[in-house]
Amino acid sequence: MIQVKNLSKSFDNIHAVKSINFSIQKGEVFGLLGPNGAGKSTTINMMSTILKSDEGSIFIDGNDLNNNQNHCKQLIGVVPQEIALYDEFSAYDNLMFWGSLYKVPIKKLRQRIANLLDLIGLSERKNDLIKTFSGGMKRRVNIAAALLHDPKILFMDEPTVGVDPQSRNRIFEIIETLNKQGITIVYTTHYMEEVERLCDRIAIIDAGEIVAQGTQVELQKRSDVKEAVEISFNSINTLQKEKLQELLNMNINSNSNTIIIECDINKELSKIITACNTCALEIEDLQLKKVNLEAIFLSLTGKQLRD
Ligand code: ADP
């Protein structure tokens, strides 16, 4: 559905995006995950015609964005980071205004607005002024505004920033519903939990470069990060550690009364607990160290996602 080839962009002496490549399949939710300043907005802005690239090409549904910009604009909807609504207009009038900019015929537009207000759960507030809406409600109207012309692809740049948890969940549900309807979604965020919940495939971006891409399972396999369990005991002596090592034959690291064992949690946890009992070790605390995107990002870049 989308191909990005050798895409680059600089601002004066800041090389914001450095010759990146990726493809997005029809119908998937594709996440661009990276810390602040990684180049996510610059990338999505180039893909959604807001910014012009310095080098490289973008193909939308087989069309070269540079040569077919008007046609491509019909295929895409854009939810920008900034709220693009008029405070003194009602939600309905804001959507009418955006729909007329897209030249949606009036009868179709009315129907579309009704459907979208229903989707974002704001039908009953449609005549209220935007200035009376919470941040999360404004974001939902912003999403509806991007969908008025019935695009095949929706670009969303950090749509949950500054949004309360309840609205955040509503936004996730909206995305899931849209995706079920067949819309391809490109989503940028620095929250790994959002990517883990929503995205079929992910590109991890850092300092303008894509450091890894694939499904979550593919990224896990590619990284050096291993699952582990961390267990704290009342006490553990050298003899007990040796016995445990002998029973389990696994990679065990210890630090005073705590041990960390690299293992396949699903398959090996019960064996580990049995071995602890056999060694007369009293477990005080047990924590599962699953391989998440945060850990993968750290192993790939040496940085925390939220630096
Ligand atoms: P992200 O969306 O991942 O937070 P951005 O794409 O916004 O990252 O920014 C990437 C880099 O480009 C940052 O160093 C940022 O300061 C810089 N940058 C982005 N937009 C501009 C601009 N209009 N002028 C100058 N520098 C910019």
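Can you name the residue in region 242-286 that is of a type in the set (Lys, Arg) and surrounded by fewer than 16 Cβ atoms within 10 Å (Cβ to Cβ) and is also nearest to SER299 (Cα to Cα) among such residues? Step through it out loud before you land on a result.
First pass over region 242-286, keeping only residues of a type in the set (Lys, Arg): 243, 267, 271.
Filter again for surrounded by fewer than 16 Cβ atoms within 10 Å (Cβ to Cβ), leaving 267, 271.
Working: LYS267: 24, LYS271: 28 Å.
So, considering only residues that are of a type in the set (Lys, Arg) and surrounded by fewer than 16 Cβ atoms within 10 Å (Cβ to Cβ), the one nearest to SER299 (Cα to Cα) is LYS267.
Can you run down the residue pairs with Cβ atoms below 7 Å, 6 or more apart or on separate chains, where the first is in region 275-291 and over 14 Å from GLU246 (Cβ atoms) and the partner is loosely packed, with under 12 Cβ neighbours inside 10 Å?
Final answer for the pair search is GLU282/ASN234; GLU284/ASN234.
Starting from residues that are more than 25 Å from LYS5 (Cβ to Cβ) and touching a helix residue (DSSP H, G or I) at 6+ places or on another chain (Cβ under 7 Å), keep the ones in region 173-197 and report whichever is farthest from the ligand (Cβ to nearest atom).
Looking at residues that are more than 25 Å from LYS5 (Cβ to Cβ) and touching a helix residue (DSSP H, G or I) at 6+ places or on another chain (Cβ under 7 Å), I get THR177.
Every residue in region 53-78 that is within 16 Å of the ligand (Cβ to nearest atom) and either touching a residue at least 60 places away in the same chain (Cβ under 8 Å) or under 25 Å from VAL161 (Cα atoms) (or both), please. Before the answer, list the steps.
Filtering region 53-78 down to residues within 16 Å of the ligand (Cβ to nearest atom) leaves 53-56, 58, 78.
Hit for region 53-78 is VAL78, nothing else.
If you take just the helices (runs of 4 or more DSSP H) that sit entirely in region 13-103, which of them hold at least 1 residues that are within 20 Å of GLN213 (Cβ to Cβ)?
Ranges flagged: 40-47.
Of all residues in region 227-284, how many are in a loop (DSSP other than H, G, I, E, B) and within 34 Å of the chain's Cα centre (by Cα)?
Number of matching residues: 4.
Which residue, of SER223, SER254, SER270, SER235, is within 25 Å of GLY34 (Cα to Cα) and not assigned by TED's automatic domain parsing to the domain that holds HIS190?
Answer to the selection: SER223.
Pick from LEU85, LEU117: which is at pLDDT 95 or above, out of contact with any His (no Cβ under 8 Å at 6 or more places or on another chain) and of a type outside the set (S, T, N, Q)? Walk me through it before giving the result.
Values: LEU85 fails: at pLDDT 95 or above.
One residue alone meets the criteria, LEU117.
Sort out which residues of region 8-36 are within 27 Å of ILE174 (Cα to Cα), within 10 Å of the ligand (Cβ to nearest atom) and surrounded by fewer than 23 Cβ atoms within 10 Å (Cβ to Cβ), and write them in order of number.
PRO35, ASN36
Going by what's in this entry, would ILE265 be described as touching a residue at least 12 places away in the same chain (Cβ under 8 Å), among the β-branched types (Val, Ile, Thr) and touching a Cys at 6+ places or on another chain (Cβ under 9 Å)?
Against the criterion (touching a residue at least 12 places away in the same chain (Cβ under 8 Å), among the β-branched types (Val, Ile, Thr) and touching a Cys at 6+ places or on another chain (Cβ under 9 Å)), ILE265 does not qualify.
Please tell me if VAL104 is under 18 Å from the mean Cα position of the chain (by Cα), modelled with pLDDT under 95 and in the same structural domain as ILE60 (by TED's automatic domain parsing).
Working: under 18 Å from the mean Cα position of the chain (by Cα): no; modelled with pLDDT under 95: yes; in the same structural domain as ILE60 (by TED's automatic domain parsing): yes.
Against the criterion (under 18 Å from the mean Cα position of the chain (by Cα), modelled with pLDDT under 95 and in the same structural domain as ILE60 (by TED's automatic domain parsing)), VAL104 does not qualify.
Going by the conditions given, is SER41 farther than 14 Å from PHE155 by Cα and either surrounded by 18 or more Cβ atoms within 10 Å (Cβ to Cβ) or more than 11 Å from the ligand (Cβ to nearest atom) (or both)?
Working: farther than 14 Å from PHE155 by Cα: no; either surrounded by 18 or more Cβ atoms within 10 Å (Cβ to Cβ) or more than 11 Å from the ligand (Cβ to nearest atom) (or both): yes.
No; evaluated as a whole, the condition is false for this residue.
The values are calculated or read from the model by the stated rules, or taken from the named source; none is laboratory data. Remember, predicted model here, so these are calculated numbers, not experimental data. Please note: Cβ atoms are built from the backbone with ideal geometry, for glycine as well, and neighbour counts cover all protein chains shown.
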